[in-house]
Structures are given as C-alpha cells and as structure tokens.
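The values are calculated or read from the model by the stated rules, or taken from the named source; none is laboratory data. These figures come from a predicted structure and were not determined experimentally. As a convention, Cβ positions derive from the backbone with ideal geometry for all residues, glycine included, and neighbour counts pool all protein chains shown. To get the accessible areas, we keep the full protein, side chains included, count just its heavy atoms, and leave off ligands, DNA and RNA. Shrake-Rupley method; radii C 1.70, N 1.55, O 1.52, S 1.80 Å.
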Amino acid sequence: MNYKTISFGLGLFSVALGLAETLAPKRITSALDSEGHETLVRNFGLRELAAGAALLTAPAAATNVWGRVAGDALDIGALGLAARSNPLNGAVWGALGLVLGITLVDLLTARGLDAQTGKTSPRREHATA
C-alpha cells in the first residue's frame with residue numbers, strides 16, 4: 001500500500017474541509033444545531049488547513065498524519081457534545097460517522113508510514129537507524 005499517496009490525499013481533504021469550516025462556519029453550526037459555536041468551527045478549520053499544508057509539503061512524514069489523528073480526537077469530542085445536546089439531529093450523527101471513518105484511515109496511514117519509514121508513532125521510542 002502506498003501510504004505516502006494516501007497521506008497526500010488526506011492533505012487535500014484537510015485543505016477542502018478547512019476551507020469549508022473557515023468560510024462557512026454559520027452553515028455548519030446551523031446544520032448541527034450548534035449556533036453560537038462559529039468561532040470554534042472556524043478555529044477547527046484553521047487547524048485543518050495547517051494539517052493539510054503539512055501533509056501536502058511532507059506526505060511521507062508520519063508525524064503529520066499523527067497530528068491529524070489528534071485533531072480527529074478533538075472533532076469527535078466536539079461532535080459527541082453536539083450529539084448529546086441534539087440526539088435526534090441526523091447531520092450530527094452523519095458527521096460523527098464520517099469523522100470516525102476518517103480517523104480509521106488516519107490511524108492506518110500513520111502506522112503504515114511508521115512501518116515504511118522505520119520511525120515509530122509519537123507514543124513509542126524512535127527506532128535507531
């Protein structure tokens with residue numbers, strides 16, 4: 001499997017999502033019944049743009065993908081709170097399902113890059129060359 005290509009694709013996805021979150025936070029918060037949290041969505045968009053830029057410039061760097069995994073955890077937490085407040089909102093559950101799926105791709109890609117480059121995840125010691 002070519003994890004570098006997948007990582008580059010994740011970078012493109014991050015940029016697209018980041019643009020949506022920074023340019024249309026009111027539409028997103030409205031769909032999620034989370035009005036008043038536009039600043040949070042905009043900040044999450046800026047995080048996505050930074051993650052995307054890092055992946056597009058260095059798609060073989062597993063650390064950049066691990067950064068996406070950390071961002072996914074923030075997204076899951078925020079969407080979990082939205083689901084708790086609005087348990088009948090299908091958009092919230094759809095977004096949560098999407099983020100969980102992308103998190104799985106991020107995790108597999110980060111681990112694959114770790115294996116291909118001989119480096120380990122941030123949670124383990126670095127391998128010696």
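Some notes on this structure:
- Only one entry of 79, 88 meets the criterion of being assigned to a loop (DSSP other than H, G, I, E, B), at pLDDT 95 or above and farther than 30 Å from residue 118 by Cβ, and that entry is 88.
- Residues within the range 68-88 that are more than 17 Å from residue 11 (Cα to Cα) and β-branched (Val, Ile, Thr), tallied: 1
Yes/no matrix, rows are residues, columns are (1) farther than 29 Å from residue 4 by Cα; (2) of a type outside the set (Lys, Arg):
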{"site": "26", "(1), (2)": "yes, no"}
{"site": "32", "(1), (2)": "yes, yes"}
{"site": "36", "(1), (2)": "yes, yes"}
{"site": "51", "(1), (2)": "no, yes"}
{"site": "80", "(1), (2)": "yes, yes"}
{"site": "103", "(1), (2)": "no, yes"}
{"site": "118", "(1), (2)": "no, yes"}
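- Looking only at residues in the range 27-45 that are in contact (Cβ under 8 Å) with a residue 24 or more places away in the chain, in contact with a helix residue (DSSP H, G or I) (Cβ under 6 Å, 6 or more places away or on another chain) and in a helix (DSSP H, G or I), the one that is nearest to residue 92 (Cα to Cα) is 31.
- Of the residues making up the range 1-15, those that are in a helix (DSSP H, G or I) and either open to solvent by 60 Å² or more (accessible area, probe 1.4 Å) or of a type in the set (Lys, Arg) (or both) are 4, 5, 8, 12, 13.
- Scanning the range 59-67 turns up no residue that is assigned to a helix (DSSP H, G or I), modelled with pLDDT of 95 or more and more than 21 Å from residue 15 (Cα to Cα).
- Selection from the range 55-77 of residues that are open to solvent by less than 30 Å² (accessible area, probe 1.4 Å) and not acidic (Asp, Glu): 55, 59, 62, 65, 68, 69, 71
- Number of the condition not met by residue 24 [criteria: (1) in contact (Cβ under 8 Å) with a residue 40 or more places away in the chain; (2) of a type in the set (A, V, I, L, M); (3) more than 19 Å from residue 80 (Cβ to Cβ)]: (1)
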